[in-house]
Each structure stands twice: as structure tokens, then as C-alpha cells.
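Report on the following structure.
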Amino acid sequence: MNKIIEIVSSLDTNQVYAELSHPNSGGICVFFGAVREFTNNEQVTGLEFETYEAMALKEMNKLADTALEKWGLNKVVIKHAIGKKEVQEPVVVVGASSAHRSACFEACRFLIDTLKETIPIWKKEIFKNKSVWVSAHP
Amino acid sequence: MNKIIEIVSSLDTNQVYAELSHPNSGGICVFFGAVREFTNNEQVTGLEFETYEAMALKEMNKLADTALEKWGLNKVVIKHAIGKKEVQEPVVVVGASSAHRSACFEACRFLIDTLKETIPIWKKEIFKNKSVWVSAHP
Amino acid sequence: MEILFFGITKDIVGSSQVKLDFENEVPKSVGELKMKLERKYPEFSKLSSLAVAVNSEYADDNVQLQTNDEVAIIPPVSGG
Amino acid sequence: MEILFFGITKDIVGSSQVKLDFENEVPKSVGELKMKLERKYPEFSKLSSLAVAVNSEYADDNVQLQTNDEVAIIPPVSGG
């Protein structure tokens, strides 16, 4: 399989090299998104993610296909965690594997940028005394 | 430690998320370089790396410091394997960890581009009937 | 008409799946549905954006709705 | 003068560490050393580039050489 698409409750970051390794790949670029302790100087105690899973998997597949074709990649990984996540926990992994390094860097950046714009996943930031759906309001 | 610099005989790709994770990092970008089976349509049976280790470690430290400062990174990893490597084996890992994703992508690309230009490590491509020091001749 | 709600729209509506009664004026298109929802839930108009998915695909305002479509309300996404 | 050789220069010279005899004309600078090496090993002139490290730092042609410096010949690097 040239693409690995998953929505999981907990991300395993150890497998990503093995998943993207390919005999024709000289370069593998991976981006991990993680929970950061502060947002605008306010302390975050955690994040909570939810998804419309059937649609998210469909959109993630389209995104992977677009990248595979545009950059002639050998492999693509897109994985997102849902549920409650604590500071330093990984929440998303995207990766691209290609013959040369320019393609995998560009594709990896495209994957995370587009994921954030189109995949139906929602993030609630949990602070000490409130919680906020990110980007919901202008 | 905000930087992990190593020259090793065998790269462990599983540790890279843990090594780059940081409470203030929302983005972690990692590049793995691996042995590709073909170079200009010629089948490669393996690569062999050697280094001037004392100087390579010094230059890798300078490179990490430059990136840490320029992009305000929280952590940097630069690891290179030496010795004989087979197809699909990882030979280099560079990674950057930052608050936001643009910084870690740019820094990661800078790390691998500069590593290839300045770090005293040499690669011999081994083909069926010959072996060639890469980039040695114009 | 059964509608799925996610993220902040789920909180506004108070449920993730609601059978909406439009008093015999069932919306025929995505655009009409959005108008009716914004009238019923004024909080929806304050969101940065509001998209609709029909059968788990993004659907423009002019997409027509069929009785057994799976319709979902997509507030601004924020994965990653 | 003890000199370290790596990569293709090690293959050309046939050893990774050589005590070079410059017949009492010990090179005083990096530039002079490179000239003398290229005369002794004509294959060196065919390389894409040739750098010198003194005490494990890249050194320009005008860097002066001291008796107990660690001097290394750096052919085109190709890590990664």
C-alpha cells in the first residue's frame, strides 16, 4: 500500500520510518503536531479532538492521492488522533517518501497545511477555567 | 539538552519523536535520508560512509546552534550513520522542534541542506562491478 | 430531516444528531438548509464559516437535498 | 608533517594517515600545502574541490601551519 490513513485514539510515533521506507526513496519527511502548553500565554491543560470519521477518512484519502500524484511520491502517511490529549502528546503525523528530498519536504508541508483546512476534525482547547473550540469564531 | 548530535554505526529511528518533544513545541519536522536502490538507473548494492569524526561532531554542533538561534527552536537532532548501509536503511536523521510549524519545516530543510555541504562525511556508492566516491569529480 | 452536528455546532444545538422539524417547509437545497438553521440557531451566524456535507462530501449551497441523504453541519475545522 | 586523508584522497594516497616528506620545504600555509600535494598527487587536481582542516576546523589558503597542528585533507563531502 502506498498510503496509510488512520484515525486513532493514540498515535504510535515509532512506526513512521518503517511505514514510509521504500527502496526507491532517498528522502522521507515527517511532520508531527503536538499539544503545546501555552496558547497566547494562556496555559493549556489539554486538547480534545472529535471528528466526523467517515468523511475525514474520505478527505484524508483524497489528500493523500493528490500528494502522491503531484509529487510522484512512493508513500504517504496521514494519521490523526482523537479524544483527549495532554501536553507533549502527538496529535497528528503526516509523512511523505520520495526519491529526492525537495519533493518529500514540499509534499509534507502541503499535507499538514491542507489537512488543517479541509479535514473534518475539531479541536477544543481546555484551559483551567474554560474551554474553546479553536477557530470557531472570527 | 536542546541538541542531540551523534555519529553512530546504526540509526535508531524510533526515538526521534521522544528526542524532539517539548512542552512548548506544537510542530516537529524530521527528515530521514535513506539508501536508494537506483542512482541514474544503475542498481546500488549499498553505500559506505566514512567521517573525520572529531571535525564532523564540531561542525554538526555549529550547525545545530545556528538553527537553534535562527529559528528559535526548542530542540534539534542531527544524527548520521557511518559504515556500510544497505538499500532502505536510514543513514541520516535531522529534526527541529518549534512552537509553530513554519519554523520547524524551514529549519529541518536548512539542517539537511547544510549538512550535505559542510559536514566531513564521505559516501561511496557500491555497484555490482565498481564503487564511486560521490561528488568527488566534477 | 436528520442532521449530524459536530464541534461548536453540536454544543449550540445540544446534541450530535437531531431530527429537525421545519414545519412542512423542508429545505430543498444546502443553501436553504443553512438559512433555516441560522434562523433557528442565531449562534450559527457568528461562526467564522459554516459548511455542509451531504453523504460525507462537502456540498455547495446549490446542491439539492434528498430525503435519505446523510446531512452533516461542518463548523470551522481545526485538526492538526 | 603528519596529514590525515579521507574519502577519495585516502584512496589516492593509499593511506589514511601519512607522514609527508617535503624535502626540507615544509609548507608554511594551507595554500602552499595544497600546491605541494597537487604536485605530489596529480589526481588531486581532478577533484571537484579540495579543502583543508587545521585542528578540525576548515582553514583558508592563508592560514599558517604550525608543527603540531592536526592537518586533514577534505575532498568533496557527500554525507546525507
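Cβ crowding within 10 Å ranks B:130, D:10, D:40 as B:130, D:40, D:10, fewest other Cβ atoms first.
Taking other C-beta atoms within 10 Å as the exposure proxy, A:114, A:66 rank A:66, A:114 from fewest upward. The three principal axes of the C-alpha atoms in segment D:2-74 carry coordinate ranges of 26, 26, 19 Å, sorted with the longest axis first. Tell me whether segment A:3-130 comes out rounded, prolate or oblate; compute the Cα gyration tensor, take square roots of the eigenvalues as a ≥ b ≥ c, and use a/c under 1.5 as the rounded threshold. Note, shape of segment A:3-130 comes out prolate. In order along segment D:18-30, the Karplus-derived 3J(HN,Hα) couplings, from 6.51 cos²θ - 1.76 cosθ + 1.60 at θ = phi - 60°, round to 9, 8, 8, 9, 9, 6, 6, 10, 4, x, 8, 10, 4 Hz, and Gly and Pro are given as x. Taking every residue in B:130-138 and counting other chain Cβ atoms within 10 Å of its Cβ, the average works out to 6. Distance between the modelled labels on residue A:8 and residue D:66, one decimal in nanometres: 5.5 nm (7 Å Cα→Cβ projection). For residue D:51, the residues 5 or more places off, or on other chains, whose built amide H falls under 5 Å of its own are D:74. With the convex hull constructed from alpha-carbon coordinates only, the protein assembly as shown shows a mean projected area of 24.9 nm² over all directions.
Between the listed residues C:35, C:8, C:72, the Cα displaced farthest toward the positive end of the dipole of segment C:2-74, a dipole computed from Cβ unit charges relative to the Cα centre, is found at C:8. Which residues' amide hydrogens lie under 5 Å from the amide hydrogen of residue D:6, considering only partners 5 or more residues apart or on another chain, with H built in the peptide plane? Correct list: D:73. Pairs spanning more than 22 Å between alpha-carbon atoms, out of A:84/B:75; B:3/B:123; B:123/D:10; B:116/D:19; A:79/A:123; A:116/C:10: A:84/B:75; B:3/B:123; B:116/D:19.
Note on residue C:16 and residue A:86: their simple-model spin labels are 2.4 nm apart, each label 7 Å out from Cα toward Cβ. Amide H to amide H, with H built 1.01 Å from N, residue A:91 comes under 5 Å of A:33, A:34, A:35, counting only residues 5 or more places away or on other chains. Counting beta carbons within 10 Å around each of D:28, B:75, C:19, B:124 and listing the fewest first gives the order C:19, D:28, B:124, B:75.
Its Cα centre serving as origin, chain D has a Cβ charge dipole (Lys and Arg +1, Asp and Glu -1) of approximately 220 debye. Averaged over the residues of D:32-39, the number of partner chain Cβ atoms lying within 10 Å of the residue Cβ comes to 0. The angle between the Cα long axis of helix B:53-71 and the main principal axis of chain B comes to about 40°, on a 0 to 90 degree scale.
Under 20 Å from a label point set 7 Å out along the Cα-to-Cβ vector of residue A:24, the amide N atoms of segment A:87-109 belong to A:95-108. Relative to the longest principal axis of the Cα atoms of chain A, helix A:101-118 runs at roughly 40 degrees. Cα centroid separation, segment B:46-87 to segment D:36-80: 21 Å.
Values in this text are rule-based calculations from the coordinates and carry no lab data. These numbers were taken from a predicted model, which means no experiment stands behind them. Reconstructed Cβ throughout: ideal geometry from the backbone, glycine too, with neighbour counts over all protein chains shown.
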